[in-house]
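Take a look at the structure below.
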Amino acid sequence: MQSYRDHDATGLAALVRSGDVTAGELLAAARARAAEVNPGLNAIIRDVDPASVPMPSGPEPEGGRPFAGVPFLLKDLHQDVAGLPTSGGSRALRDHPAAETATVVQRWLDAGLVVFGKTNSPEFGAKGITEPHAFGPTRNPWDTDHTPGGSSGGSAAAVAAGIVPCAAASDGGGSIRIPASACGLFGLKPSRGLLPYGPARGEPLGGTATDGVVSRSVRDTAAMLGVLAGPTEVSPYLPGGLSADGFAAGLDREPGRLRIGMTADSAINPDPHPEARAAVRRAADLLADLGHEVVEVAMPVDDARLAQDFLTTWFAHCAVSVDEARRLTGAGEDAFEPDTRVMAALGRATSATDFVRAVEGRHEHVRRLAAFHAEHDLLLTPTTATPPPRIGAFDLPAPVALLQRALLTARAGGVLRFTPIVDQMISENLGWVPYTQLANLTGRPAMSVPLHWTPEGLPIGAQLVGRLGDDALLLRLAAQLERAAPWWDRRAMAD
């Protein structure tokens, strides 16, 4: 088991190619580790028989399948396998089989990955924590009283605990970077359009969401990006930023001297935790030691307005998700969590003009961030405004939950806008994660790098946001940071 955990996915694939281990031996090691730690973490919520997963499509590529034989976990949200349920963390969908295999899943399978499970997610990925009523909370391997973040919290917990070295994730408002920060992992949200969607869905969340991975090594994320990137025949546009030699090939190249603007400012959380400030200062000092210019700046966008635009569109999409789940399954309203029903009710009460205004507002955020990037290569912030909260920290107080149920029963969606419930949801859902939605709404690439741990032993990451198409630059910088301050040997739940 220790030998298994000493390798990243790239290293395990090399062992399979050399004949030192077999795919069956790796799968047995992954399952043994899952049996050991998953009961206390609840990271994997569905076992998958690899024989039930579609085979790779098409002939084997000339260079072989880069991850042949490596155990892998899918996130149980939108990452469909034909014939297997994708619950999205919802009781309504927990037994509903997917009709088609998602494009990104097929690309992972074509790369030779061996899927043996699906990981926990909040209902419809709607929170920065992973505590769905359908499956129960996932716990952080660094301290099981705390959350691993969300919405890719199950995947991050599985990687941090050593079940797999790399796992599938997705990011619509920070859902790769938040759990990467909470679990001491590396996480990159790619540029908008770089990875494909489909075939069942178009552009999730209007193009603000994307798939990806959480990993323990930068080279794994880079290689996975190379596996996934590129359009299909149903892609809405042709992405830029594709690397002719793959993203992993350039990791040994220095990124050059970069000018980086640093801030921990947030209108949503004006007083971030001292450990969040320490995390961004640690990153800034290391970057300066590496020869980069780091300057303090103000937050380059109106992040209060950005949060409003983000939530307006999020609520509307939540309403669509609930309605679609009901159409597919015949489920009643009570099959969904109260918070989800509140968000859906708010979405239904949003006018078409307010929705379009929020979508069009993204352009202003893009312009302001572009003006910042005209003078700075990267924006540096904490990934989260606090260390990982405790499990249950965001449960509604009893009086607020009672009001919530009463308004839902009365179908008073419009009234909800004028109650404390909305303010409570905003402060709790975004208060500890106010920095990540910027990259989603503007489509820019962003990454969380694990450079800081609190005195209590909880990780908290530093986020760097780049220009559109700067994915390769971010990866080269991450590799430089990984060489300068290695995090590989920092283990949660060490043997």
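The values are calculated or read from the model by the stated rules, or taken from the named source; none is laboratory data. Just so it is clear, the model here is predicted, and its values are computed rather than measured. Here the Cβ positions follow ideal geometry from the backbone for every residue, glycine too, while neighbour counts run over all protein chains shown.
Things worth noting here:
- Residue match in the stretch 286-299 (condition: under 23 Å from the mean Cα position of the chain (by Cα) and within 23 Å of Leu438 (Cα to Cα)): yes
- Leu188 being farther than 20 Å from Ile163 by Cβ, assigned to a strand (DSSP E or B) and not basic (Lys, Arg): yes
- Lone qualifier among Val164, Val159 - being buried (at least 23 other Cβ atoms within 10 Å of the Cβ) and outside any loop (DSSP other than H, G, I, E, B): Val159
- Taking each residue of the stretch 41-52 that is among the acidic types (Asp, Glu) and looking for partners that are modelled with pLDDT of 95 or more with beta-carbon atoms closer than 9 Å, six or more apart or interchain, yields Asp47/Arg31; Asp47/Ala34; Asp47/Phe116; Asp47/Gly117; Asp47/Lys118; Asp49/Phe116.
- Being more than 21 Å from the chain's Cα centre (by Cα), within 24 Å of Phe372 (Cβ to Cβ) and touching a residue at least 60 places away in the same chain (Cβ under 8 Å) is a description that does not apply to Arg253.
- Checked against the criterion of being among the hydrophobic types (A, V, I, L, M, F, W, C) and surrounded by 24 or more Cβ atoms within 10 Å (Cβ to Cβ), the stretch 449-459 contains one or more residues that satisfy it.
- Residue check, Thr138 crowded, with 24+ Cβ neighbours inside 10 Å, in contact (Cβ under 8 Å) with a residue 40 or more places away in the chain and out of contact with any Leu (no Cβ under 9 Å at 6 or more places or on another chain): no
- Residue in the stretch 247-281 that is nearest to Leu225 (Cα to Cα), counting only those that are in a loop (DSSP other than H, G, I, E, B) and of a type in the set (Asp, Glu): Asp252
- Scan the stretch 282-323 for residues that are in a helix (DSSP H, G or I) and either of a type in the set (Gly, Ala, Ser) or under 26 Å from Gly443 (Cα atoms) (or both) and the total you get is 24.
- Meets criteria (buried (at least 24 other Cβ atoms within 10 Å of the Cβ), in contact with a helix residue (DSSP H, G or I) (Cβ under 9 Å, 6 or more places away or on another chain) and not acidic (Asp, Glu)) for Arg476: no
- Scanning the stretch 284-305 for residues that are in contact with a Gly (Cβ under 8 Å, 6 or more places away or on another chain) and under 23 Å from Gly431 (Cα atoms) yields Glu296, Val297, Pro300, Arg305.
- Tally of residues being of a type in the set (Val, Ile, Thr) and modelled with pLDDT of 95 or more across the stretch 388-412: 1
- Residues being at pLDDT below 95, surrounded by 22 or more Cβ atoms within 10 Å (Cβ to Cβ) and not aliphatic (A, V, I, L, M) are entirely absent from the stretch 375-382.
- The residues listed here are Ala494, Ala385; of these, the one that is assigned to a loop (DSSP other than H, G, I, E, B) and modelled with pLDDT under 95 is Ala494.
- The one condition from (1) touching an Asp or Glu at 6+ places or on another chain (Cβ under 8 Å); (2) surrounded by fewer than 24 Cβ atoms within 10 Å (Cβ to Cβ); (3) under 25 Å from His7 (Cβ atoms) that Glu100 does not meet is (3).
- From Ser215, Ser175, Ser181, residue being farther than 30 Å from Asp289 by Cβ, modelled with pLDDT of 95 or more and buried (at least 21 other Cβ atoms within 10 Å of the Cβ): Ser175
- Here the condition is being closer than 30 Å to Ser3 by Cβ, of a type outside the set (S, T, N, Q) and either touching a Cys at 6+ places or on another chain (Cβ under 8 Å) or assigned to a loop (DSSP other than H, G, I, E, B) (or both); of Gly149, Gly198, Gly226, Gly173, it holds for Gly149 alone.
- Among (1) closer than 29 Å to Leu379 by Cβ; (2) modelled with pLDDT of 95 or more - the single one Asp354 does not satisfy: (2)
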